[in-house]
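The values are calculated or read from the model by the stated rules, or taken from the named source; none is laboratory data. Please read all numbers here as calculations on a predicted model, not as lab measurements. Cβ coordinates were reconstructed from backbone atoms using ideal geometry, including for glycine residues, and neighbour counts include every protein chain displayed. Areas reflect the complete protein model, heavy atoms only, side chains present, ligands, DNA and RNA absent. Shrake-Rupley method; radii C 1.70, N 1.55, O 1.52, S 1.80 Å.
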Amino acid sequence: MQSVTALPGFERLLEVCRSRAHPMKLEPPSGRPVESFVAGQVMDPQLAAVHSRAGYLWVRDELYVFPEKHERRPDLHRVNESWSREWAAPFGALRVFAKDDRLAYCYATVPALVDERGLQPVVWVDVYELLYAVPVASSVDQFFDTYARYLESALASTGDGGEGLPLRAFPWSATEAIARDRELVKRIRAGHFDFLLTANARAREWVEMLGARGWKP
């Protein structure tokens, strides 16, 4: 059985960027031990594994992963300390680990929905309107795998990894890739994420579509 800290999805995203010559920046880890908690919540083990392998990841026009600790950049601990104070429950208990490269949308784990392996699902968070979040992956590494599939398809449609990428938005343009995540679809159908998306009708409709389009038992 594959270790929960194996990161094939993370490696897949890196490979998509390299093979398509899509600009990215990958910095080595700090060398310091990764902390076990983030703003009072247990750090997801796959997120800890990412930080043990990479100090920083930026994928142009797509996303960047907060460094665990950094003197100049926003880092995982400072961002979440501020986040937990700023947002009321249930959103204040999310743990943000990455951000859209162009806009203020965030990606976060959901400690309240940790599974039997200790893994936390991932949601995309909209902070522009009345706060809401939609599920995008059953785990951190699955998120990177899903994003890699989405990015690979988008870059293939342009014929290169350079300028001229079509207007698109994750997660709304990544329905097919997200629906491949069988565990996520099972949890959507069970209503596990409903408490995070009730404020937005578009989100509810899209998640219902994911549940209908996803893996069939």
Helical mean residue ellipticity (222 nm; -39500 (n - 2.57) per DSSP H run of 4+; nearest 500) of the chain: -11000 deg cm²/dmol
Label selected from [x] 16.4, 48; [y] 20.4, 82; [z] 18.9, 64, the criterion being Rg and Dmax of the Cα atoms in Å as computed here: [x]
Here, SER157 and ARG213, labelled 7 Å along Cα→Cβ, have an inter-label distance in nm of 1.1 nm
Neighbourhood net charge (15 Å Cβ-Cβ; Lys/Arg +1, Asp/Glu -1) for ARG12: -2
Measuring with a 1.4 Å probe in the full set of protein chains, what accessible area per residue, in whole Å², belongs to the stretch 1-139? 46 Å²
For the chain, the percent of accessible surface on carbon and sulfur atoms (probe 1.4 angstrom, ligands and nucleic acids excluded) is 51 percent
